[in-house]
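Working notes, structure below.
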Amino acid sequence: MQQAKSPDNPEILNDYLIFLSIVKGRSPRTVAEYNLDLRLFLKYIKFMKTEHNQPAVEDMDIRDVDITLLRQVTLQDIYQFEYYLQDDRQNRDRARSRKTSAVKGFFSYLTYNMTLLEKNPAEHLELPGVKHSLPKFLSLEESLRMLSSVESDHPQRDYCILVLFLNCGIRLSELVGINVQDVDMYERRLRILGKGNKERMIYLNDACLSAITEYLQTRKNPPTEPNALFLSRNNRRISRRRVQQIVESVLKNADLGGKGLSTHKLRHTAATLMYQHGNVDTLTLKEILGHKSIVTTEIYTHLSDEQRQDAIEHNPLANVKNPYKGKPPKE
C-alpha cells in the first residue's frame, strides 16, 4: 500500500491509487503506470486552469490539487488533454488511449465511488482509436531452431524458460513469479498468478515436465530464495531483465535476432501454434492465456484468416489469364 502513495501527489490521487491497489487488485506495475498518467493529467489541468509562473506543464507542482479544481474539468478539457498528448508530447495511439482510460477511471471513481462530483465529465469520453496489427511470432521450424540454440552457463534453466514460454504462452511477469510449490508434477499442472492477481492452472505436457525436472536437478542448494523456481547466478529469483537477455541471446544464436521478437512475442508464438496445430477453440485458448476478454484472443483467429488468404494468393493458378476475356457468348 505504501508503494501506491507518493509525497509529490495530491491526497486525492494517492487515495485513488490505494483504491486501485486494494479494492481493484491492480498490480504494482499497473498502479505505477496510472500514477504517471494521472500526474501528467493533473499537471495539465492545473496549468490550464490556474495562474502560475511555470513555463511548461511538466514543471507544475500538483500537491495542492483538490476536488475544487477537478470540479472545473469539462469533457472539452479532457479532449484538449488528448490533443496535447498527440501534438506536444507526440504520444502514439496506444499510449494516448491508456492515459485517457486512466483519466476516465479516475473521474468514475470520484463520481460514483466517492460521490465527490455531481456529474462525471468523462462519462461520454471516447477513447482514441488504436490500430491493431497482427502480432509477430515464430514459425514451428523457427521455434524448434530456437530451442536448440541455447548457449549459456545455465543451459538447463534457460532451456526450461524457453520451453514454458513456447508451450504455455505465459507472460514474462508470470514466469519470473513462478514458485517451486506452484508446480504439481503428479497432476501435471502449473499454478500461474496472472494480471490482477488472478490465478489459473495450466496443463504441463511432457516437454515441460522433462525440462522442469532436469532444471531442478541443477539448482544450487540451498537457494537464497527457496520458493523461486527460476534463480539467477546469485541464487536469487531471476529478474525480468535477465530473462529478456536470455531470450535475446538465444534468438541471436538462432539467427532470429532481426525479427523484432521479444519475450511477449514468444507468448504470441505459443498461442499461434496451439491455435493452428492444436485444434483448440478460442474459449479454451482464452483460459490458457488468461485473457480477460475473448476479443483479445480472437486476434489469433484473424491471424489464421490472413494465412488462409495468403495460401490462396500463392496458389500457382493465382495469376492465370482469362483466355475468354472480351469474347461474347454465343446467341
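What follows is calculated from the coordinates using simple rules that are stated; it is not laboratory data. Every value quoted in this text rests on a predicted model; they were computed, and no experiment measured them. As a convention, Cβ positions derive from the backbone with ideal geometry for all residues, glycine included, and neighbour counts pool all protein chains shown.
The simple spin-label model puts a point 7 Å past each Cα toward its Cβ; for Ala95 and Asn205 those points are separated by 3.9 nm. Taking a straight Cα-Cα cut-off under 16 Å and skipping sequence neighbours fewer than 8 places away in the same chain, the aspartates and glutamates within cross-link reach of Lys99 are Glu33, Asp37, Glu58, Asp77, Glu82, Asp87, Asp88, Glu123, Glu126. Can you give me the long-range amide H partners of Gly194? Hydrogens built in the peptide plane at 1.01 Å from N, cutoff under 5 Å, separation of 5 or more residues or another chain. Correct list: Glu199, Arg200.
Enter the mean projected area of the convex hull around the alpha-carbon atoms of the stretch 140-313, in nm², rounded to one decimal.
On the way: hull surface 42.6 nm².
Over all viewing directions, the stretch 140-313 projects a mean Cα-hull area of 10.7 nm².
Once you've got the Cα coordinates, tell me which of Lys5/Lys292; Lys24/Lys265; Lys49/Lys198 are over 30 Å apart. Don't skip to the end; give the middle numbers.
On the way: Lys5/Lys292 27 Å; Lys24/Lys265 28 Å; Lys49/Lys198 40 Å.
Over 30 Å apart, Cα to Cα: Lys49/Lys198.
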